Structure formats: structure tokens, C-alpha cells
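Peer 1: After the C-alpha cells below, expect a handful of questions from me.
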Amino acid sequence: MSTILILGATSDMGIAIARLFAAKQFDIQLAARDTSKLSYLQTDITIRNNVRCSIHQFDAVDFTSHQTFFNTLSPKPDITVCVFGYMNDNAKVTDDLNEMLKTMHTNYTGAVSILNIASKYYAFSKKGCIVGISSVAGERGRQSNYIYGSAKAGFTAYLSGLRNALHESGVHVVTVLPGFVYTKMTEHLRLPQLLTAHPNDVALSIYNAVQKKKNIIYVKWFWRWIMCTIKLIPEPIFKRMKL
């Protein structure tokens, strides 16, 4: 039976991913900073699906703990999903250094730190899968969220390079670009219903991408064309737009 590690398992998307993969008979490793929130999910998954489900303490921005965290996982996961993230109002992030660092370290530095460790193990094993949830916000900087977007842009570039580096080792790397998703992180935003996915949509897209070995996926297909259009707007025009 295969095992999946979910980094950021208390998030809405993390919970949806855990439930779907457990239903597909994967053993589940739930990792999060606040593990007290995972007990009910662990019990429910175990009883409902008759799979093993373990809980692990993980802090994305405690970089020095990442190697020890991965070393203690038994068994080592066949799939590692990086779903954690952080987003606050851009004005607050630009005005507060702590918020700026939290945004950058959670969405980029912490993700790179733990995935570098997982990727070395997979490269040595000549197998494995890494799934990174990035964002369409990283495809072009916009005034409304350019700090968050820049971190996600870096993460998208990192996943692209990692996919290239690990290809010859037989390791599969998936970049997930969800677009808008109804989650706790976005509950303060007024999201367009047509353009917004649900956590279960993200989970199903990830499962299909892993099974079909897809490289880059947009949860809602039309985001690919929306972002393609936005990227084609000439900079002299784009810089005057309110996006």
C-alpha cells in the first residue's frame, strides 16, 4: 500500500486531499504545526477507510527541524504534497516586516527547505512523487498581492527546476495552480463563483495528475487561458491596470 505525506494537513485543501487519497486506499501521514486539530480527521479516516493514518508535528518556518522531521517518518512517503501556505492583505504585508517575512518564508523558503529533503530521498530511491500547490498569482505580479505572488512565482520556478533535475531519476513533480479556492485563507475575499474551485476539486485534480503523471495542472481549466491573456498584456498598459 502506498503512503502519502500531506504537509499542511489542517488546511481545507489538505483535509480534502487526505480524505480522497484515503478513500483510494493510500496510507496517510498528516503533518501540521498544530497537531491537536488532526485527531478527529485521523480517527475518521482510519475507521472509514481501514488505512493507516499517522500525525506528525511540522512547522514550515522552523527550517532546522525539517531534516529530523523527515528522518523520523516511517515508512517514508511515496508521495509528498506541499499544501501549506499563507496570505494576508497586501497592504498589511508591505507595512509589516514580520508579515512580509512570514509570507515569503511560508510560501517559498519553507516549501523549498522540506521539498529539497524529500527530493534527495526520492532521487536516491529512483522513485517517488512531489506535489507542490503554487498559485496563478505567481504568473504575473499584480498590485493587489505582489508579495504573496512573488513568493509563489519563486515556488513555481523551483518546482519547474526540480522536475527537470529529477526527471532522469524517475521522480515525478507536479505543479498545481488552483486559481481561486474557497478556503479559510480566502474567506474574507469576495470570490467570483464561476472562477472559484472547492477543496475537493483540488484534491481530485491532484489525484488524477499523480495517476496520469501530469506536470502542470490548473484545477479550473480556463485559468490557463486567463493567465495566458494576462501575461500577454504589454507592460506599458499592464502597469496602469487595477488588478
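Peer 1: Among the listed residues Ile114, Ile130, which satisfies the condition of being more than 25 Å from Glu235 (Cβ to Cβ), touching a residue at least 24 places away in the same chain (Cβ under 8 Å) and either acidic (Asp, Glu) or assigned to a helix (DSSP H, G or I) (or both)?
Peer 2: Details: Ile130 fails: either acidic (Asp, Glu) or assigned to a helix (DSSP H, G or I) (or both).
Being more than 25 Å from Glu235 (Cβ to Cβ), touching a residue at least 24 places away in the same chain (Cβ under 8 Å) and either acidic (Asp, Glu) or assigned to a helix (DSSP H, G or I) (or both) holds for just one of Ile114, Ile130, which is Ile114.
Peer 1: So, one more: Would you pick out the residues in the range 153-204 that are among the hydroxyl-bearing types (Ser, Thr, Tyr) and modelled with pLDDT of 95 or more? So that I can check it myself, show each step before the final result.
Peer 2: Start the filter on the range 153-204 by keeping residues that are among the hydroxyl-bearing types (Ser, Thr, Tyr), which leaves 156, 158, 160, 169, 175, 182-183, 186, 196.
Passing the criteria: Thr156, Tyr158, Ser160, Ser169, Thr175.
Peer 1: For the range 191-241, which positions are assigned to a strand (DSSP E or B) and either crowded, with 18+ Cβ neighbours inside 10 Å or not hydrophobic (A, V, I, L, M, F, W, C) (or both)? Spell out the reasoning first.
Peer 2: Applying the first criterion (assigned to a strand (DSSP E or B)) to the range 191-241 yields 196-197, 216-218.
Listed by number, the residues that qualify are Thr196, Ala197, Ile217, Tyr218.
Peer 1: I would also like to ask the following. Could you list, in sequence order, all residues of the range 45-68 that are of a type in the set (Gly, Ala, Ser), free of Cβ contacts under 8 Å to residues at least 40 places away in the same chain and surrounded by 16 or more Cβ atoms within 10 Å (Cβ to Cβ)?
Peer 2: Listed by number, the list holds a single entry, Ser54.
Peer 1: Condition first: among the charged types (D, E, K, R) and buried (at least 17 other Cβ atoms within 10 Å of the Cβ). Can you find one or more residues in the range 116-139 that meet it? Show your work before the answer.
Peer 2: Step one: filter the range 116-139 for residues among the charged types (D, E, K, R), giving 120, 126-127, 139.
From what's left, buried (at least 17 other Cβ atoms within 10 Å of the Cβ): 139.
The answer is yes, given that some residue of the range 116-139 is among the charged types (D, E, K, R) and buried (at least 17 other Cβ atoms within 10 Å of the Cβ).
Peer 1: State whether one or more residues within the range 31-39 are under 19 Å from Cys129 (Cα atoms) and either of a type in the set (Asp, Glu) or buried (at least 18 other Cβ atoms within 10 Å of the Cβ) (or both).
Peer 2: Restricting attention to the range 31-39, the residues satisfying the condition of being under 19 Å from Cys129 (Cα atoms) are 31.
Checking the rest, the ones that are also either of a type in the set (Asp, Glu) or buried (at least 18 other Cβ atoms within 10 Å of the Cβ) (or both) come to 31.
Yes, the conditions are met somewhere in the range 31-39.
Peer 1: Output the residue which, of all residues in the range 140-149 that are part of a helix (DSSP H, G or I) and either in contact (Cβ under 8 Å) with a residue 40 or more places away in the chain or more than 17 Å from the chain's Cα centre (by Cα) (or both), is surrounded by the most Cβ atoms within 10 Å (Cβ to Cβ).
Peer 2: The initial filter retains those residues of the range 140-149 that are part of a helix (DSSP H, G or I), namely 146-149.
Add one more test, that the residue is either in contact (Cβ under 8 Å) with a residue 40 or more places away in the chain or more than 17 Å from the chain's Cα centre (by Cα) (or both), and what stays is 146-148.
Values: Tyr146: 16, Ile147: 20, Tyr148: 24.
Only one residue tops the list, namely Tyr148.
Peer 1: Working only within the range 70-88, note down all residues that are crowded, with 18+ Cβ neighbours inside 10 Å and either acidic (Asp, Glu) or not in a loop (DSSP other than H, G, I, E, B) (or both).
Peer 2: Phe70, Asp78, Ile79, Thr80, Val81, Cys82
Peer 1: Which pairs have Cβ atoms under 9 Å, sit 6 or more apart or on different chains, and link a residue in the range 85-99 that is under 24 Å from Ile133 (Cβ atoms) and of a type in the set (Lys, Arg) to one that is modelled with pLDDT of 95 or more and not in a loop (DSSP other than H, G, I, E, B)?
Peer 2: Close Cβ pairs (under 9 Å, with a partner that is modelled with pLDDT of 95 or more and not in a loop (DSSP other than H, G, I, E, B)) amount to Lys92/Glu99.
Peer 1: Test each condition in (1) more than 20 Å from the chain's Cα centre (by Cα); (2) under 19 Å from Tyr121 (Cβ atoms) for Ser39 and report the one that comes out false.
Peer 2: (2)
Peer 1: Right, another one. Would you confirm, using the coordinates I've provided, whether Ser2 is surrounded by fewer than 18 Cβ atoms within 10 Å (Cβ to Cβ), more than 26 Å from Phe180 (Cβ to Cβ), at pLDDT 95 or above and in contact with an Asp or Glu (Cβ under 6 Å, 6 or more places away or on another chain)? Let's see the steps before the verdict.
Peer 2: Numbers: surrounded by fewer than 18 Cβ atoms within 10 Å (Cβ to Cβ): yes; more than 26 Å from Phe180 (Cβ to Cβ): yes; at pLDDT 95 or above: yes; in contact with an Asp or Glu (Cβ under 6 Å, 6 or more places away or on another chain): yes.
Yes; evaluated as a whole, the condition is true for this residue.
Peer 1: Can you tell me which residues in the range 26-55 are outside any helix (DSSP H, G or I) and out of contact with any helix residue (DSSP H, G or I) (no Cβ under 7 Å at 6 or more places or on another chain)?
Peer 2: The first filter runs over the range 26-55 and keeps only residues outside any helix (DSSP H, G or I), leaving 26-34, 50-55.
Matches in the range 26-55: Phe26, Asp27, Gln29, Ala31, Arg33, Asp34, Asn50, Arg52, Ser54.
Peer 1: So if I check each of Tyr122, Tyr108, which one is out of contact with any Asp or Glu (no Cβ under 8 Å at 6 or more places or on another chain), more than 26 Å from Tyr148 (Cα to Cα), outside any strand (DSSP E or B) and among the aromatic types (Phe, Trp, Tyr)?
Peer 2: Working: Tyr108 fails: more than 26 Å from Tyr148 (Cα to Cα).
Matching residue, one of Tyr122, Tyr108: Tyr122.
The values are calculated or read from the model by the stated rules, or taken from the named source; none is laboratory data. The model shown is predicted, which means the values in this text are computed figures rather than measured ones. Ideal geometry is used to build each Cβ from the backbone, glycine not excepted, and the neighbour counts take in all protein chains shown.
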